[in-house]
Every structure is written in structure tokens, then in C-alpha cells.
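Have a look at the structure below, then the notes.
The values are calculated or read from the model by the stated rules, or taken from the named source; none is laboratory data. Source: prediction; values computed, not measured. Heads up, the Cβs are rebuilt from the backbone with ideal geometry, glycines too, and the neighbour counts pull from every protein chain shown.
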Amino acid sequence: MECSFNEFFRRDSRRIFVVSVILNYPWERAQSSLYLTKDGTAIPWWHCMLASLGDGLLVLLMFWAGRVIFGHPGWFDRPGLRGYLLMALIGLVMIIPLEWIMISRMKWWSYTAQMPLIPVIAVGISPMAQMLLLPPLIFWIAAMWRKKSCPDPRQVV
């Protein structure tokens, strides 16, 4: 079975986004007790849903960056050391400034005293761990899903 590149890329993008939102939402809910809203109240469920949609976009950026860097849309099928390093590097490069801007500059939310922080940069460990741990799992699930629709990535034309 041959798969067109554009169809393959769009499908992968959709799948990665969906899997990312599904896996990030429970993480967002679990860590929500470590944050407060602007007015000092607890983070509601729908803020977590919005955050998981944003996380989905961040993981899509990882996917697209990998596509450009590795030159193949299926780079995450067998990421190897370079792929995992790319996920970690991009995850940290995105989440550290984003979290810092939201906390320190825009003040959309704040950390509770229970949020463990990285010294010097004062960014929470939980969101950093999220961007380090979930993307490999997300890409693995997307790769398994992909194999069902086009078993041999070399067939992409």
C-alpha cells in the first residue's frame, strides 16, 4: 500500500495532536494543584483543557521540527538517540521561556509553595518533566497508530 506524503503528514499531525491532548490533560489536572489563577483561586478543569490543547501544539512543533531536521515525516517511528535528544531539547527550549513568561511577565497564573522550582530560572519542575516525559510516549503511540495505516514508512511518496 502506498501512502501519499501530504496525506501521511496531515494524518500524523492530527494523530500526534489528538494523542498529545489526551495524554497531557490528565497531567495538567494532576499538576493544577501546584498553580493558582490570577485571582488566587484554584485552576479549573477547563484551564487544564486549554493548557492541554496548547501542549498539543507544542508537541506538533516538535514533530514538524523533526521533519525538517531529519528530512522524513516518520522520524519518530524509530527516533534513536538523536530523536530523543531533539524531543528533550525542543521541549525544554519551548517550555522554559513559555512558563517564565506566563508566570513572571503576563502573570496569567502563579505557583503554589508546593511547586518545586529550578533554582536561578524559577521555573516549575512539573511542567519541565511533562515536556521531557510525555513526548516520547506520544510519539510512540502515534507511531503504533501510523503502522496500522501504512505499515512501511518507506512507502510514503
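The one condition from (1) surrounded by 15 or more Cβ atoms within 10 Å (Cβ to Cβ); (2) at pLDDT 95 or above; (3) among the aromatic types (Phe, Trp, Tyr) that Trp45 does not meet is (1).
Within the stretch 108-145, the set of residues being touching a residue at least 12 places away in the same chain (Cβ under 8 Å) and either part of a loop (DSSP other than H, G, I, E, B) or of a type in the set (D, E, K, R) (or both) comprises Trp108, Thr112, Gln114, Met115, Ile121, Ala122. Scanning the stretch 61-84 for residues that are on the phi < 0 side of the Ramachandran plot, surrounded by fewer than 17 Cβ atoms within 10 Å (Cβ to Cβ) and either in a helix (DSSP H, G or I) or within 13 Å of the chain's Cα centre (by Cα) (or both) yields a total of 8.
Is it the case, given these coordinates, that Arg105 is farther than 19 Å from Gln31 by Cα, of a type in the set (D, E, K, R) and surrounded by 15 or more Cβ atoms within 10 Å (Cβ to Cβ)? Considered against the rule, which asks whether it is farther than 19 Å from Gln31 by Cα, of a type in the set (D, E, K, R) and surrounded by 15 or more Cβ atoms within 10 Å (Cβ to Cβ), Arg105 comes out as no. The residue list Asp39, Asp55 contains one member that is without any contact (Cβ under 8 Å) to a residue 40 or more places away in the chain, of a type in the set (Asp, Glu) and either closer than 15 Å to Phe139 by Cα or not in a helix (DSSP H, G or I) (or both), which is Asp39. For Ser20, indicate whether it is among the polar types (S, T, N, Q), part of a helix (DSSP H, G or I) and out of contact with any Gly (no Cβ under 7 Å at 6 or more places or on another chain). The answer is no for Ser20.
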